[in-house]
Structures are given as structure tokens and as C-alpha cells.
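The values are calculated or read from the model by the stated rules, or taken from the named source; none is laboratory data. The structure displayed is predicted, hence computed values, not measured ones. A quick note on method: Cβ atoms are made from the backbone with ideal geometry, for glycine too, and the neighbour counts reach across all protein chains shown. SASA here: full protein model, heavy atoms, side chains in, ligands and nucleic acids out. Shrake-Rupley method; radii C 1.70, N 1.55, O 1.52, S 1.80 Å.
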Amino acid sequence: MIQPVLRGAGLAAVLLVCATPLRAETIKVTIDNFTFTPTEVTVKVGDTVTWTNHDDIPHTVVSAGKYRSKTLDTDDSFSFTFAAAGDYKYFCSLHPHMTGLVKVE
Amino acid sequence: MSLGDHDENGVSRRKVLECMTWAGTGVLWTLSGGVPRSLGLVDAARAAEQPAPGLTFLQISDSHVGFDKPANPNATGTLEEAVNRIKAMPVKPAFMIHTGDISHLSKAAEFDDADRIISQSRLDVHYVPGEHDFLDEDVKLYKERYGKGTRGSGWYSFDANGVHFVGLVNVVDLKAGGLGNLGAEQLAWLEQDLKGRSKSTPIVVFAHIPLWTVYPQWGWGTEDGGRALDSLKGFGSVTVLNGHIHQVMQKVEGNVTFHTARSTAFPQPAPGTAPSPGPMKVEDARLRSLLGIASIDFKVGDERLAIIDTPLAG
Ligand SMILES: [Cu+2]
């Protein structure tokens, strides 16, 4: 009997795809002129967002209760991998008029 | 220039507001019957020759020790220059206030350097923190050095020559999308601190971020600053001094004079004139005209107040 074996293999492959997305990506957000660019990004569960500060002034990336970077001096970066879907609003705790959004689907 | 050169009814409110200025060698202000009047631009050297008043104190701000970017690769050096000017003043000020951003990254070495240089002024210094002084994880370094005897995150008050000074902290617990923040606990303390004081007591409030809304698009203001000003209502003479925006700006509202000081480290652009409020690179020859210190004179009883901004170089 061949059929059941094939079915089982097919199911295993599906489970594998769901558990570890094959194409986890790193999405870049830059900080220039006290602005997160792009201000809003849409990513998939498992993707990583990396923020890099290009200003001569330190900034932070803070999403209340979710993640918090250390102070990013010029050219410093911070990365966070999103494990759950949802809207992650964030801001710079030093310059709170700087805000951004990561939408995780 | 003497105060008597000017007639009493001379300057309209419009004129006063026109005198908000970014440049010049200095602006002398006097407070007469609760109404601040600009006496116009004065030569810094001549301003220093004004007769000794009841109380003279200095404001220094935004030293950013540790900053080394193109806008000023040597912020430590220009702080030293500022302190040298202070040492050379003909009249020794009673004390100095520092309105925050002593350091650039809250590093121990930066605070060490700042202390070493500022202490050469041989003046008592009263500090409030800027957001750059609160960058270490648990905000220990500022508090250990400058926070002794203060409340909360570093607020306090003291009296000198009949003037009541209040140092406020508006750089903690900032909310997304918002401006500077004082918080309920500090506001309640302020109300208590002012309660029962004679309304004729001149009040000087100092904080890092402006208490008035200078330019919200750049976060230049304090969300609950209006509530602090409510507590100050009724006092005949209120002066609010701050740093943070690295340029001289003045506003008069009723009995309250708001004044921002220059940085000793680097200039920032006038509101809305650049893509961001970040450090402004100017020609090297111009840098020192945009950095400096402020000295404030009170003539208690005359209800006069004069603020003289002195750049590091004309
Ligand atoms: Cu920031």
C-alpha cells in the first residue's frame, strides 16, 4: 500500500511549513531626521525588523510592554523578531513625537 | 546703557514679542511692574558693567559632554570656553543653574568630564536633568551625582535673596506622541511648594524642556506644563528658564517670562526651518556665536529682571 505513506509525508510537509516559515525576512527601518522610515511596515509572523539610527542624536525604539531597545547612538541598530500577529505601535522614549507601527500578519 | 534711558510707557507687547531673537550679542530684559520690557540689544561687555544688582545668577545648558559629531567635534572644548568666560566675569554670580543635557549619553566618563570642567567655575551649581542624562538603564548616574536632597526623579526648590527657585524634571515617563512630561506627583508637590508663599515673591522655575509650547511638531513643549503654570498664577514675577532647544527664544505671557538658553555644545535650527531638530552644522567661524551662557539679574523690590545672553564669540 503506497497511498497512506504518501498522505503521511504530505501532512508532515504541511506541518513543517507552518512551524518554520521558509522565508523569514529582515525588514529594515531607518531613523533619519528624527523620523522612522518607513513609518509603517507590514511583516509576517517570524520576520525580524531591524532599526538603525543615522542621526547624530541618540534614539530608542520602544513598544510598550512588548520590546524596548537600548539607547541607539549614531549607526547603532536594534532587532526584534515578531512571534505573534498584531499591531505593534512604537515610539522613541527620548523624542516621543517620533512614532511608528509594525503590522504583523 | 542705563535703565533710565528708557521711558516707562515705551514698549508695546508687540514690540516685546518682536524681540524674540536668535542672534545678537545679548538681549537685556527688565521687568517693571510685572511687565517685561526689552531694552534691546546690548553689547555683552557693557552689559557686564551694569551696576551690581540684588542677585545675579548664571544659566548654562545642554553641554552634551561626549558629543563629537560635525556640528561640533569638541563639545568638551566649548564647555571649557564657556567656563573660562564665567571665570572672567567682572561680577561673580551668586550661583549657576544647569538646565540639563550635561552629558550626551549618560556615561560615567562624560559626567566626570563635565564635573571637572564646570567645577572650575568655583560656583555652586543647581542641576535639573535633560533626557540625555537619563539614558542609563536604571537612571542611577544622574541621581547619584546631582539628585541628593531632591524628590522623585530630581525636583526641588530653594531660596536665594528673597527669590524662590524651583527645579523641575520634565524628561521622564514620556508618552508616545507626546511632549515633555511633569507627572501628577511632581505637579502636586509644586502646588504644595508654592502654597502660602507671598504673591510678591519672585519665582524662578527652571527645567530642561520648555514648559510652554514652542513647536510641538518637534516635541518642543511640555504636555502638562500648563498645569504647572496654573500653580504659578497670581505671582507678580515668574521667570521660566529652560534649555533643550539650543537657541535663545523669549516669550512673555502675563506675568510670566519664558526664556530658553543657548547650548554650550551645538546649535539647533529655528522651528520648522530644517527637516529635523537635530544638531545644526554651521560654518566653523559662526559656531561660537550660536553657543553661550546667560546671566540673570534681579533687582528685588524694583521688580526688575534682566537676562543677558552671552555667546562664546560675537
Ligand atoms: Cu529620539
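Annotations for the structure displayed:
- Across peptide A:87-96, the mean count of Cβ atoms from other chains lying within 10 Å of each residue's own Cβ comes to 5.
- Net charge, B:ASN84 excluded, C-beta distance under 15 Å - Lys, Arg +1, Asp, Glu -1: +4
- Projected label points at B:THR273 and B:LYS87, each 7 Å from Cα along the beta carbon direction, are separated by 3.3 nanometres.
- Point-charge dipole on Cβ atoms (K/R +1, D/E -1) for segment B:93-133, about Cα centre, debye to 20: 160 debye
- Computed on the Cα trace of segment A:23-105, the radius of gyration divided by the Kirkwood hydrodynamic radius gives Rg/Rh = 0.94.
- Based on alpha-carbon atoms, the Kirkwood radius and the radius of gyration of segment A:38-79 give Rg/Rh equal to 0.98.
- Annotation for segment A:27-61 versus segment B:203-260: alpha-carbon center distance of 32 Å.
- In segment B:186-239, Rg over Rh equals 1.00, where Rg is the alpha-carbon radius of gyration and Rh the Kirkwood radius from pairwise Cα distances.
- The charge dipole of segment B:148-233, taken about its Cα centre with unit charges on the Cβ of Lys, Arg, Asp and Glu (plus for the first two, minus for the last two), comes to roughly 180 debye.
- Taken over segment B:67-138, the convex hull of the Cα atoms encloses 93 Å³ per residue.
- Whole-Hz couplings from phi, Karplus 6.51/-1.76/1.60, listed for segment B:206-214; x for Gly and Pro: 9, 7, 7, 7, x, 7, 9, 7, 7
- Cut-off 14 Å between beta-carbons: net charge of the residues surrounding A:ASN53, Lys and Arg +1, Asp and Glu -1: -3
- Take segment B:215-297 with all the other protein chains still there, run a 1.4 Å probe, and you get 32 Å² of accessible area per residue.
- With the convex hull of the Cα atoms taken as the outline of segment B:192-273, the averaged projected area works out to 5.7 nm².
- Looking at segment B:172-263, the trypsin sites (Lys or Arg not before Pro) that sit in a DSSP loop and have at most 16 other Cβ atoms within 10 Å of their own Cβ are B:LYS175, B:LYS195, B:ARG197, B:LYS199, B:LYS233.
- The alpha-carbon atoms of segment B:107-176, seen along their principal axes, cover 39, 30, 19 angstrom, with the largest extent given first.
- The three principal axes of the C-alpha atoms in segment B:74-193 carry coordinate ranges of 42, 37, 25 Å, sorted with the longest axis first.
- Dividing the C-alpha radius of gyration of segment B:243-285 by 2.2 N^0.38 Å, with N its residue count, gives 1.33.
- Only Lys, Arg, Asp and Glu carry charge here, each on its Cβ (+1 for the first two, -1 for the last two); on that basis segment B:213-314 has a dipole of about 160 debye about its Cα centre.
- Each semi-axis of the equivalent ellipsoid for segment B:173-314 is √(5λ) with λ an eigenvalue of the Cα gyration tensor; in descending order they amount to 28, 21, 10 Å.
- Using every pair of separate Cα atoms, the Kirkwood estimate puts the hydrodynamic radius of segment B:141-243 at 14.1 angstrom.
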